[in-house]
1. Only one residue in L464, L468, L488, L455 is in contact (Cβ under 8 Å) with a residue 40 or more places away in the chain, over 20 Å from A513 (Cβ atoms) and not small (G, A, S), so which one is that?
2. Checking D145 against (1) buried (at least 21 other Cβ atoms within 10 Å of the Cβ); (2) among the acidic types (D, E); (3) more than 16 Å from the ligand (Cβ to nearest atom), which single condition isn't satisfied?
3. Condition first: touching a residue at least 60 places away in the same chain (Cβ under 8 Å), surrounded by fewer than 20 Cβ atoms within 10 Å (Cβ to Cβ) and either out of contact with any His (no Cβ under 8 Å at 6 or more places or on another chain) or farther than 26 Å from N434 by Cα (or both). Now tell me which residues in the stretch 342-356 satisfy that.
4. List the residue pairs whose Cβ atoms are under 8 Å apart, where the first residue sits in the stretch 286-313 and is within 17 Å of L93 (Cβ to Cβ), the second is of a type in the set (S, T, Y) and assigned to a helix (DSSP H, G or I), and the two are 6 or more positions apart or on different chains.
5. Could you list, in sequence order, the residues of the stretch 75-94 that are more than 8 Å from the ligand (Cβ to nearest atom), among the aliphatic types (A, V, I, L, M) and out of contact with any Gly (no Cβ under 8 Å at 6 or more places or on another chain)?
6. Has the stretch 533-552 got at least one residue that is more than 24 Å from A508 (Cα to Cα), aliphatic (A, V, I, L, M) and assigned to a helix (DSSP H, G or I)?
7. Which residues, taken from the stretch 251-293, are away from the ligand (no atom under 13 Å from the Cβ) and among the hydroxyl-bearing types (S, T, Y)?
8. Here is a list: T359, T310, T364. Which entry is open to solvent by 20 Å² or more (accessible area, probe 1.4 Å), touching a helix residue (DSSP H, G or I) at 6+ places or on another chain (Cβ under 9 Å) and of a type in the set (S, T, Y)?
Amino acid sequence: MRAVRNKADYEVLCDEIWHHNRCYFQEAAPEISDEAFDALVLLLEKTEREHPEWISPTSPTQRVGERPLEGFAEVVHAEPMLSLEKAFTQEELEAFYDRVCRIVDRKKVDFFGELKMDGLALCVTYEHGQLVRAVTRGDGEVGSDITQNIKTIRDIPLRISSEIKLLEVRGEVFLPKAHFDRMNAERKGLGLPLWANPRNAAAGSLKLLDSRELARRGGLSCVFYGISRQDPVKVHYQHELFSYLQLLGLPTYLSMKELPMTPLRTVSSVDDMMRFQDEIRAIREKLPFAIDGVVFKLDNLDESATIPPTMKHPRTAIAWKFGAEQAWTRLQEIVVQVGRTGVVTPVAELEPVELSGSTVARATLHNAEEIERKDIRPGDRVLIEKGGDVIPKVVESDKHAAHRQPQWRMPKECPACGTPLIKDEEEVAWRCPNHQHCSEQIIRGLTHFVGKDGLDIENIGEKLIRHLYAKGYVKAPHDLFSVSKDMLLTIEGIKEKSAENILKGLEAAKKPALDAFLLALGIRFVGAGGAKRIAEAAETIEGFTQLTKEQLLGVEGIGEEVATSVEHALADTAFLHELQLLRDAGVAPLPRSKREGVEGHPFNTATIVLTGTLSSMSRTEAAKRIEACGGSVTDSVSKRTSYVVVGDEPGSKFEKAQKLGVKTLNEQEFLQLLG
Ligand code: IVH
């Protein structure tokens, strides 16, 4: 067996494994057999056990995080991570092209076109060839240190040529479509809510504090498309960047296999740009990952570096965004779904079809009137559309088929409990009025209670709730806390270990934040923002039960609708009884103390709206500082707003402030008051 006698031998072995790793994963051209590779890794592991003092942070064994992180540290970006200006029309692209020509004082400019990956921006720093840091975009100025998690992504090398003193690269972490589908299928089996798209799924994974879990899930990939710092300077043109990074072993669009065309192109006119985006749009569906447009960057990077960016984006690059995607498929059936508030919505069950990077089998039909207006019938061929995160919707149906089924009619009775449906004059929605006993309303209410907008109880999703309800174990939220291991073991598919995890999740959920608890109760019109404001005003659960409508109306951001709805709930004996039973079951929401302000500070207890761009700090930073003084930042201007802070290029909030006579502050005045 080969001997590793000293640190130098050890380093050679590390390099060798990295080399084979790259041949295997990036070039798909292994030079040695899997067995020979495994033998090298075994030797490395043995050496590290014998000489722990040699272990390098970039050893191939360090790829999988060994310990859970305690939370992510914040890192200030050496160069801010800006976003890109967007163009949706040819006119916008022309305006951009002309503007850059004017700035560089030439009639024609070369741009470089590339894919706009729909993932999560990442900044990775290599020092003396070693990966030292990986940071998320965050608010552009400050991101989270996710180095440990990034080390689990196989195509990101932990070391590159040691001759490179400094290289900071920017790119995108993404989840290929195939992995996304697999992950959702697994979640569906477990009855967990599905990820809306690959980007959300990737974000969910990256946020995991335990990188071992991330390594287990696997599937994340990365592509780099920019350099923010380099020493020595090697790249002067964007078109050189990809082959340079590729040479260093970093993943780029060039290392991607099985693409129907080269996704990179030098373009020198708006016509070229339009042609490029057209061609890319045509192959979008065939790509193994999700993109949401193409990006055009000034090819000459040295020239680009001399043109200062605006507060938000570089002046020399633009993102061409694709609009919503559409596809034709067969409408198999229209089913009606009962929500937790009794609203009954028609849902289209479709022949599964690929759309914007995921498989779509259901789409919303909004309401009965819309189905009638668009004359959509079961069995029709229908056009469905999906833009961004939005749930797919049915746009239209093909009305020329030879045989169509009769027009669809909303059932007269609730499909779950048989109660006649009702509809208010001015509303379009039909609802089931049987709030106390309709099984679907109860199940949906329970699912909401345990879900993300509720107590966020781990390991419990709709599927388990349906079982617990069907078995008669759980009829109301408080029953959840009397669920026993024996009960869980009667449910198909639940074994000892998962039963224990479910019980652990329930135990942990007994001390929710007051706002999460109020949100979980599912009071009509009370969303996350409202629950937070009510919790702040009430401070404790006792305080909540004693709130009057007048007091609620005095809370900033709480209007008539919410106040009336809470008043109704607090006068409803069944609601109050359930609250008591939850408390008897040991659920004790944590009191929410009022924010401690800075006594006498002009912003203490003030409500402030920010509009436009500030040059001295980001909006997140401004909001943080206002809150630290005891003020709160809200989105919309009302008479009760104390100040509107007006930055560069303010929006309509400035006009509204003037109209309502709300005091405005320019940046300097704001900074002075902030102190
Ligand atoms: S260049 C100044 N190139 O799009 C920002 N960005 O809206 C420089 N993105 O935050 C980014 N593909 O997360 C660039 N080929 C590409 C990209 C790309 C996706 C993302 C990136 C950025 C966002 C901008």
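The values are calculated or read from the model by the stated rules, or taken from the named source; none is laboratory data. Remember, it's a predicted structure, so these values are computed and weren't measured experimentally. Cβ placement follows ideal geometry from the backbone for every residue including glycine, while neighbour counts extend to all protein chains displayed. For accessibility, only protein heavy atoms count, side chains too; no ligands or nucleic acids. Shrake-Rupley method; radii C 1.70, N 1.55, O 1.52, S 1.80 Å.
1. That would be L464, the only listed residue that is in contact (Cβ under 8 Å) with a residue 40 or more places away in the chain, over 20 Å from A513 (Cβ atoms) and not small (G, A, S).
2. (1)
3. Correct list: V343, E354.
4. K297/S304; L298/S304
5. V76, A78, A87, L93
6. Checked the stretch 533-552: at least one residue is more than 24 Å from A508 (Cα to Cα), aliphatic (A, V, I, L, M) and assigned to a helix (DSSP H, G or I).
7. Answer for the stretch 251-293, where residues must be away from the ligand (no atom under 13 Å from the Cβ) and among the hydroxyl-bearing types (S, T, Y): S255, T262, T266, S268, S269.
8. The conditions single out T359.
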